[in-house]
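> If you scroll down you'll find the structure; I have some questions about it.
Please treat every number below as a calculation from the coordinates, not as lab data. None of the values given here were measured: they were computed from a predicted structure. Here Cβ is always computed from backbone atoms with ideal geometry, including for glycine, and neighbour counts include all displayed protein chains.
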Amino acid sequence: MRLNRRRGVLRTLAGICAMVPVGVFAGGVVGALGVVSAPASLAAQETRLLLISDDGTRDAVRRFLDAARVRGTPTEPLVSRALEGVAFRATPKEIERALAALEKRLKKSRELLGANSTVDELAAGADALAHGAPESALRDMRRIAPGRRLTVELGVLTELLAKDIAPKTAATMVLRLMARGASGTQLTELNAAVQKDVALGVKPVSALELRGRGVMSLLPPAGSVVTAQKR
Amino acid sequence: MNDERDEMIERAARVLRTPPQVRSGTVARVLMAVRARHARPASRWQRALWWVADTSISARGAAVLAAASLAIGFVARGTVATSEPIVVASGPSIELQPVADGDAAERPVPVALVFEQANARDVAVVGDFNGWDRAASPMVRAGTEGPWTATVLAKPGRHTYAFIVDGTTLVADPNAAKATSNDFRGDASVMIVRPD
């Protein structure tokens, strides 16, 4: 009886062993789909380029994207910028100039935010740099919140800079709030409040100081926040 | 007395007439074994297959077995797989970005946009969230006087957009901050979409 039971267990194990290669194969297929999705996204980008009606512009953009791909630059933000240029009826030269500048900033953004950053983060970092964000601010953001998506935080910093707030002042406020555990939503609300105040005639830097202190008062005291926060 | 004995013999015969229950596959195995005496001896693999085939499992058992095996396979593959970024073999290298867990911060959020221009015949929204495609997000209005509205899906973060009026004119959103793009001339607006 006991021998039979042992044999039954052994048979079950043998069956599992026989099926494991099937599981490995299925896992491999799913993994391969990830690889397949890369060329699929290239095809999707190519389709989007068809929105550019002018042949010369489209060819120039395509050439630039091919070269950027070889250099290892993420091309999605470049495609978006090219299409923005087309929407604004920019000349091929203007578009190429914009793409070259953006590629340079994307590279810098990756250097500061880290190679594991998402494409959206890199694009947001590049925009912040274009608006004068201090390079150290991007590095510090990643250091303060290594496991957090920084797209919103970088967007808020960019908008504060767009209101002509001094880069150091804007960056210090965003970093201080992040270090105290402010969420992306709180930072977005801060930006909206500053925007309203400025529209009412308050000086941007004063609005930021006032609203920043308001958000700060809602946060836990310094030192009680785990810095590797996730939203 | 004789009747009693007959009845007992009859009962014993009934029991003996009933064939013993054998497990499925056993008959086949016995037949194969008989044949094997006259043929070449079975290999180790053949014997292993017979051994496994001799087990009867229910449909539910088989399903559980298959699910467990697939799970082990997936786990084994994950353990064995390299943690290096996947690189497409031909052409330029493309790194697939690792995605952090639990991503509300990446999930597109519906954003309602409103634009008031009574004399417009046709309005659409273009922006980085829809690839600046004027056909992607047409705006609609209630009646002939109401505001134009559209709901777009945008990931959390900062987005640039504009309205296209009557298919030609790009107009910034009067209710939003102006985009201060250094690259192109023209009015656009900015919104910061917060995580869901």
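> When segment B:165-196 is examined, which residues are found to be over 23 Å from A:LEU150 (Cα atoms) and facing chain A (nearest Cβ under 8 Å)?
B:LEU170, B:ASP183, B:PHE184, B:ARG185, B:GLY186, B:ALA188 - these are the residues of segment B:165-196 that are over 23 Å from A:LEU150 (Cα atoms) and facing chain A (nearest Cβ under 8 Å).
> If A:VAL198 satisfies every condition in (1) crowded, with 18+ Cβ neighbours inside 10 Å; (2) more than 14 Å from every other protein chain (Cβ to nearest Cβ) but one, which is the exception?
Failing condition for A:VAL198: (2).
> Just checking, how many residues over segment B:149-196 are over 26 Å from A:GLY184 (Cα atoms), hydroxyl-bearing (Ser, Thr, Tyr) and either touching a residue at least 60 places away in the same chain (Cβ under 8 Å) or in a loop (DSSP other than H, G, I, E, B) (or both)?
Residues that pass the stated criteria total 1.
> Looking at segment B:132-150, is at least one residue facing chain A (nearest Cβ under 10 Å) and either over 22 Å from B:VAL109 (Cα atoms) or aromatic (Phe, Trp, Tyr) (or both)?
yes
> Ok, one more. Would you be able to say whether some residue in segment A:88-109 is under 21 Å from A:MET178 (Cβ atoms) and touching a residue at least 24 places away in the same chain (Cβ under 8 Å)?
Within segment A:88-109 (the criterion being under 21 Å from A:MET178 (Cβ atoms) and touching a residue at least 24 places away in the same chain (Cβ under 8 Å)), the answer is yes, since at least one residue qualifies.
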